[in-house]
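Only the coordinates and a few stated rules stand behind these numbers; no lab work does. Computed from a predicted structure; not experimentally measured. Methodologically, a virtual Cβ is constructed for each residue, glycine included, from the backbone with ideal geometry; neighbour enumeration extends over all protein chains shown.
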Amino acid sequence: MEPGYSVSEDIYVRYAETDQMGVVYYGNYFTWFEVGRNAFFRSLGQSYGLLEENGLLLPVVEANCRYLAPAKYEDQVTITTQLTNFTCSRICFSYMIQRGETLIATGSTVQGFVSKSKGRPINIKKHHPELWERLQKLLPGKHNGVVANAGKDLGSR
């Protein structure tokens, strides 16, 4: 991951997240990416719920994951989420999932900014300028901070 603003969240692998082979089912990594995005917005004093209350939805329009090593039941894994880019209509994140020092997966997602009431893409700079400004300051090269376990310090919705 390039230097930039990132947020890390620790979780423990639940039994229900594993498959018959005893490893985390591949689709659950995308759920973990969502955990990371929620921690990212909580670190900004926002939450997905608050964004939705303000009429903004962030549907995933693109997602990928590269699996490097397995995670198993009761492993503690760290999800690190970083804002990599955004435009007036989309926001991009990258993810690292680690078990201790072992990198077990990397990935990325792209979300669109969508009006909750109209279900159509919106211009975030025009409709939510305060969020635009806050995100602008976090792009790589503009801020180099890491927030560990954001959910433990800030109340979650």
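What to note about this one:
- Aspartates and glutamates whose Cα lies under 20 Å from that of LYS125, excluding same-chain neighbours fewer than 8 positions away: GLU52, GLU53, GLU133
- Amide H within-cut-off set for ASP75, under 5 Å, with H built and near neighbours excluded: VAL13
- The chain, helix-only ellipticity at 222 nm - DSSP H runs n ≥ 4, -39,500 (n - 2.57), divided by all residues, nearest 500: -6500 deg cm²/dmol
- Most positive-pole-ward Cα, ILE122, GLY100, SER8, against dipole of the chain from beta carbon charges: ILE122
- Dipole-positive endmost among THR87, LEU68, VAL110 within the chain (Cβ charges, Cα centre): THR87
- Residues in segment 131-139 carry Karplus couplings, in order, of 5, 3, 5, 4, 5, 3, 6, 9, 4 Hz; the curve used is 6.51 cos²θ - 1.76 cosθ + 1.60 with θ = phi - 60°, and Gly or Pro positions show x.
- Build a GNM of the chain with springs between Cα atoms under 10 Å apart, and of THR80, THR31, THR106 the one that fluctuates most is THR31.
- Highest-MSF residue in the chain out of SER117, SER89, SER47 [GNM, Cα springs under 10 Å]: SER117
- ³J(HN,Hα) computed for each position of segment 35-44 - Karplus, 6.51 cos²θ - 1.76 cosθ + 1.60, integer Hz, glycine/proline x: 4, x, 5, 4, 5, 4, 5, 4, 5, 8
- All alpha carbon pair distances within the chain were sorted into 5 Å bins beginning at 0; the resulting P(r) in whole percents reads 2, 9, 18, 21, 20, 15, 9, 5, 2, 0.
- When only the Cβ of Lys, Arg, Asp and Glu is charged (+1, +1, -1, -1), the dipole of segment 1-85 relative to its Cα centre reaches about 80 debye.
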